[in-house]
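What follows is calculated from the coordinates using simple rules that are stated; it is not laboratory data. Keep in mind that this is a model prediction, so the values were computed, not measured. Don't worry about glycine lacking a Cβ; one is built from the backbone with ideal geometry, like all the others, and counts go over all protein chains shown.
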Amino acid sequence: MSSYPLRSIKQIELTSRCNLRCVYCPSPDMKREKKDIDLDTFLGAMEWVKYFKNKGTQGELSLTGIGEPLLHPHFVEFLLIARAILPIETIVFATNGLLLTETLCQDMAHIRPQIYVSIHRPELATKGIEAAKRYGLLAGVNTAFVHSAMNWAGQVDWYNSAPACTCEFLRSGWGVVLSDGSITTCCMDAEGQGIIGDVR
């Protein structure tokens with residue numbers, strides 16, 4: 001991987017499973033195996049985070065991917081591991097909010113992640129949003145699929161209303177670790193077609 005111009009691990013996909021089947025997302029029809037990242041693979045990913053941190057190029061880390069991160073049975077433990085390696089850096093994750101409970105927010109409060117809730121099911125996500133607010137964890141809500149829609153680079157039958165822009169992942173040298181440990185350079189690489197390496 002060292003010959004590829006990666007400067008940081010921007011995103012680690014804790015799971016490629018999801019508890020929703022949104023038509024504007026590649027997850028429901030994704031052919032890549034839907035699985036949770038295992039501990040060894042996550043630790044391997046965090047070794048790369050540590051490497052880039054020591055180089056001075058590791059910035060924000062997102063524990064997000066194609067799946068719903070809160071489905072991972074060891075989500076809080078993995079969040080703690082990430083915080084131990086990145087004590088002051090921003091750690092974020094995006095969730096649909098269905099599993100974001102008062103207890104979970106209380107358990108995460110001392111870890112200080114920034115949470116973005118995508119409003120796919122507002123009638124179910126509202127309580128989670130309010131809990132995240134109470135603990136100072138809510139960074140924002142995402143409704144981009146309505147006002148800045150995209151078809152995931154042709155992976156779904158949806159329309160595009162998002163403005164054209166330069167890919168920040170490619171421009172900044174950000175890597176994405178998928179749940180099986182493979183590394184790609186695109187946050188939209190649902191099928192893992194652009195693999196450049198592996199955490200091992």
Three semi-axes of the equivalent ellipsoid, the chain, Cα gyration tensor, whole Å, largest first:
24, 22, 16
Could you work out how much longer the chain between H110 and I195 gets when fully extended? Use 0.36 nm per residue separation minus the Cα distance between them, nm to one decimal.
27.1 nm
Using alpha-carbon positions, the gyration tensor of region 26-132 gives root eigenvalues a ≥ b ≥ c; with a/c under 1.5 called rounded, otherwise prolate if a/b exceeds b/c, else oblate, the class is oblate
Calculate the spin-label point distance for L170 paired with E89, positioning each point 7 Å from the Cα along the beta-carbon direction, and give it in nanometres.
2.4 nm
